[in-house]
Structures are given as C-alpha cells and as structure tokens.
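Structure first, then comments.
The values are calculated or read from the model by the stated rules, or taken from the named source; none is laboratory data. Here the structure is a predicted model, which is why all the values come from computation and not from measurement. All Cβ positions, even for glycine, are placed from backbone atoms using ideal geometry, and neighbour counts span all protein chains on display.
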Amino acid sequence: MKKVVVGLSGGVDSSVSAYLLQQQGYEVIGLFMKNWHDDSVTISDECPWLDDSNDAMLVADKLGIPFQTVDLSEQYKERIVDYMFNEYERGRTPNPDVLCNREIKFDVFMKIALSLGADYVATGHYCRKAEIEKDGETIYQLLAGKDANKDQSYFLCQLTQEQLSQSLFPIGELQKSEVRKIAKEQNLVTADKKDSQGLCFIGKVRLPDFLQQKLQPKEGAIVEIDAQKELYAEDKADYRSKIDKLEHLSKKYKYASTDGKVVGKHQGAHYFTKGQRKGLAVGGTPKPLFVIDTDVEENVIYTGQGKNHPGIYRKALFVNNEEVHWVRKDLALKDNEELQVKARIRYRQPLQDATLHQTGNGLYVVFEENQASITEGQFVAWYDGDELLGSGVIS
C-alpha cells in the first residue's frame, strides 16, 4: 500500500479526496495546515481556522484515518504575507493563491509529508495529472479539471516536474456536484459546507483591511483621464525590429497628474489595483470610474470612465526571464522562438489566443484580442489544449 498525505482543509473537496484515495487502496493520513494565527490582522471575530481544523478532524475520524495539525504560520508569514506586502508597496498586485501552492502546499507541506514516509501528497484541487514517455524519460502533465467551471490548474501554474511527480488530484475527473453527492452519501460533515472565500488560509479577511494593518494610509489624488486623450491615438509606428514592435505593444501608458482632472481623494495608491471599480467613492460621472493605473511613488490613482476606456486595454505583456516558469521544461522556448498558445491572465478568465515570443531579455505574450487590466505582479499562464505548459509573473 502506498502512503498518501492529504491536505485536509476542512472543506468538501479535500474531504472527498481523502475518501476516494481510501477507496483506491492507499494508506491515507490527514494533515491540517495551520497557516495563520496573528489575531492582530484578522478582521472578524470568527476564527475560521479553528472551525476548519475541527471539520477536518471530524472527517478524518469518520474515515478512520490518522490526523494531525502542522503549524506553518511562520513560513506562511515569511513566504506569502511579507511577499504580498512588499509587492503591494511596489504597486504590484500579487496572487496569494498561486504563491501558497508553490511555497507552502507543494513545498513546505510536501516536505513534511514526505518526511512522514508518504509516497504522495494529495489535495482537493480541480485539476488532473497525466504522464507521458519522452526520450526514455517520464514527463508529468498538469491538465485542467474536468469541471470547466471549477478548473484550478491556473493556481498550480508554478509547480515543477518534481512536485507533480509526488502529487495526486483525486477529484480532477469529477464535477463539483458529484463531489458534494459523494460527501452526502458518506455522511461527511463538510458535504454542504460553502467554499471558502478570502485569502488562501487566512480566512474571512478583506484584502484592503488586511493591507491597512501594515501599509500606512496616505492621502492622495484620484485623477480622471479622458478617453479621447491623444496618448491613446493609434500609433502607426515604423518598427526598426521585431523586439521594437514587441516592446511597443507591451508598453504601459505613462500618466502624469497633469494629464487629467482631480475628481477625488484616496487613502493610499497601494490599496488599489487595475480594473478596480469599487472603493473609489467618486460619484457624479455619467459612467462608473475604473482604475486604469496606480502610481505608488507619487501616490496617485488614475481612472477612466466606463469599462471600455482605452486605458484599460493592452495587446501584450512582458515577463522577465527570471520569472518565466515552464512546467514542461522540455518545451521551453529558446531565444527567438515563438509558440502559439491559449493563455489567461487571471483565474476563471476564458482562455485567449496568444503567441509567446522568447527574446534575450524576457518573454513577450501577444494576444489576438486586446486584454483588460493586465496587472503587474499577477500570473499569466499558457496552455496547449487542456495542458498547462508554463507561467510567469507579469512585469
């Protein structure tokens, strides 16, 4: 019997994962990760991790599997929370869920599991794993979950071949409704439990409130930029080279506060992110205002009216070489190579047609259609059909 450690989170997905593995004849151990207990930055009085660990324990009890809790809050603070604050201070918007998988679940947690003699680590992610043989080597594929509505492959876009080789995703072939049905049939306490919202593992915390505890409020101006501004005029540039063209397509618009009119005040540019509409508290405009850019140095938020404002859209993005990650290392592009892919720049976004261009200084992703709110610090992930090939941090 192979031994599997399941990350029991106290939710229905990981509960059913543990049950299915047990049915498949694995020796299953349940492990709950406690990743946060700094009460000074939890906004509500509810203590979700306590409820969750309790539910995880009840599920383990029901299935008759060993259960323990591991406290990873120190590593979580260091690798996720501090990184997030640092990114927000720089005016970038990190994705804590992707980081959590890369740094905690499939690194720190995986190492603990393997030290307990486990052959695999399993999670309740909606994604699938496959294997192929190539040049006498086993290569692991990360595939989208069968439930298109719940597919979570994007959150695992930073995994390595080694991590994949030791991972199992028992519910990847199922629909969410089937997972709930199995949980009900087995009388698992989590059967009707709502999916968790909020920061990966921190629970019911609103991000701006969380950030305000560490990043000091600082009043600044909200500037509205007119959609007819000449800087949006179509450029009929003659490009000297392919790189020249790629650089131009991926370049951000540069704004100065004199480019528009001041329409309100905010409490800190680092609390806002591109595409954001809520929280601006500026009324009286014919169409709602959207954040089109933030300047944390000058502490200015630039906005535009309506979701079709030209400042929201860009055709391409750039990823620095050190932030390009190939799950399929064997398919990594070499200098001057390009590849047609499907790509997404956020979770749940429908896949978009795009072309990757690898250059000496980094990777350009050029989309067929202009993309809304390309946000620095977020991840772009690229696919071939169902398979996630790689990802990178948008710079």
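Tabulated data
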quantity: Only one of Gly124, Gly91, Gly136 that is out of contact with any strand residue (DSSP E or B) (no Cβ under 7 Å at 6 or more places or on another chain) and on the phi > 0 side of the Ramachandran plot; calculated: Gly136
quantity: Residue match in segment 288-303 (condition: farther than 17 Å from Lys254 by Cβ, modelled with pLDDT of 95 or more and touching an Asp or Glu at 6+ places or on another chain (Cβ under 9 Å)); calculated: yes
quantity: Test for His309: is it over 17 Å from Lys254 (Cα atoms) and either in contact (Cβ under 8 Å) with a residue 60 or more places away in the chain or among the aromatic types (Phe, Trp, Tyr) (or both); calculated: no
quantity: Restricting segment 227-251 to residues that are surrounded by 14 or more Cβ atoms within 10 Å (Cβ to Cβ) and touching a Lys or Arg at 6+ places or on another chain (Cβ under 8 Å), the residue that is farthest from Val296 (Cα to Cα); calculated: Leu249
quantity: 2 or more residues closer than 23 Å to Leu388 by Cβ, in contact with a strand residue (DSSP E or B) (Cβ under 7 Å, 6 or more places away or on another chain) and not aliphatic (A, V, I, L, M): qualifying strands (runs of 3 or more DSSP E) within segment 229-343; calculated: 313-320, 324-326
quantity: Residue match in segment 247-270 (condition: of a type in the set (D, E, K, R), touching a helix residue (DSSP H, G or I) at 6+ places or on another chain (Cβ under 8 Å), over 29 Å from Asp51 (Cα atoms) and at pLDDT below 90); calculated: no
quantity: Selection from segment 366-390 of residues that are assigned to a strand (DSSP E or B), within 23 Å of Ile312 (Cβ to Cβ) and touching a residue at least 60 places away in the same chain (Cβ under 8 Å); calculated: Val366, Ala372, Phe379, Val380, Ala381
quantity: Top-ranked residue in segment 257-310 [being aliphatic (A, V, I, L, M) and over 27 Å from the mean Cα position of the chain (by Cα); ranked as nearest to Lys214 (Cα to Cα)]; calculated: Ala281
quantity: Test result for Ala354, farther than 16 Å from Tyr253 by Cβ, at pLDDT 95 or above, in a strand (DSSP E or B) and touching a Cys at 6+ places or on another chain (Cβ under 7 Å); calculated: no
quantity: Every residue from segment 66-84 that is outside any strand (DSSP E or B) and either crowded, with 17+ Cβ neighbours inside 10 Å or over 17 Å from the mean Cα position of the chain (by Cα) (or both); calculated: Pro66, Leu72, Ser73, Glu74, Gln75, Tyr76, Lys77, Glu78, Arg79, Ile80, Val81, Met84
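Here is a yes/no grid of residues against (1) over 20 Å from Ile139 (Cβ atoms); (2) crowded, with 16+ Cβ neighbours inside 10 Å; (3) in the same structural domain as Lys146 (by TED's automatic domain parsing):
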site: Arg328; (1), (2), (3): no, yes, no
site: Ile345; (1), (2), (3): yes, yes, no
site: Gln349; (1), (2), (3): yes, no, no
site: Thr359; (1), (2), (3): yes, yes, no
site: Glu369; (1), (2), (3): yes, no, no
site: Glu387; (1), (2), (3): no, yes, no
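Okay, residues lined up against (1) at pLDDT 95 or above; (2) surrounded by fewer than 22 Cβ atoms within 10 Å (Cβ to Cβ); (3) over 23 Å from Ile80 (Cβ atoms):
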position: Gly7; (1), (2), (3): yes, no, no
position: Gly10; (1), (2), (3): no, no, no
position: Val16; (1), (2), (3): yes, no, yes
position: Gln22; (1), (2), (3): yes, yes, yes
position: Asn35; (1), (2), (3): no, no, no
position: Ile43; (1), (2), (3): no, yes, no
